[in-house]
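The values are calculated or read from the model by the stated rules, or taken from the named source; none is laboratory data. Bear in mind the structure is a predicted one, so any value in this text is a computation, not a measurement. Every residue, glycine among them, receives a Cβ derived from its backbone with ideal geometry; neighbour counts consider all protein chains shown.
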Amino acid sequence: MLSNSIQEFNPTHLATYTRNPAVLKMIAGVSESIYPIHKDDELRELALEMPYASDHGAVYHTGRYPEEGLFRGIDPADSPYETKGASLKESFPLLICARNALVVVSRLRKDVA
């Protein structure tokens, strides 16, 4: 679905809100750089332009989800982005609150569009 959308709309960047490392991995498959996984000033500035974005060391949308969070059961933010790495909650402390999401912006690889 992501590949089809990229082919149809031919974007140069993707942006989303997430607390799920699986979403980050999906985006990584088509991107050369992903903020906040990679330190990238241009992408960080784009993240700050997203609605409800706020800077807390990384860019978050605080209060995005209801009080109980988006997920029932296991919170994906308890999982790592990289195998044997720190969980997203450990890497991005505001994710400890189930209501918060990362603002993610990536630069697409030129060979996917």
### Query
In this structure, is Gly57 in contact with a Leu (Cβ under 9 Å, 6 or more places away or on another chain) and either over 23 Å from Leu2 (Cα atoms) or not hydrophobic (A, V, I, L, M, F, W, C) (or both)?
yes
#### Entry: Per-region count, the stretch 53-81, residues at pLDDT 95 or above and surrounded by fewer than 13 Cβ atoms within 10 Å (Cβ to Cβ)
3
### Message
Condition check: aliphatic (A, V, I, L, M) and surrounded by fewer than 14 Cβ atoms within 10 Å (Cβ to Cβ). Does Ala86 satisfy that?
### Response
yes
### Query
Filter the stretch 82-97 for residues that are at pLDDT below 95 and touching a helix residue (DSSP H, G or I) at 6+ places or on another chain (Cβ under 9 Å); which is farthest from Ile6 (Cα to Cα)?
Gly85
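Report yes if some residue within the stretch 21-33 is aliphatic (A, V, I, L, M) and at pLDDT below 95; otherwise report no.
No, that holds for no residue.
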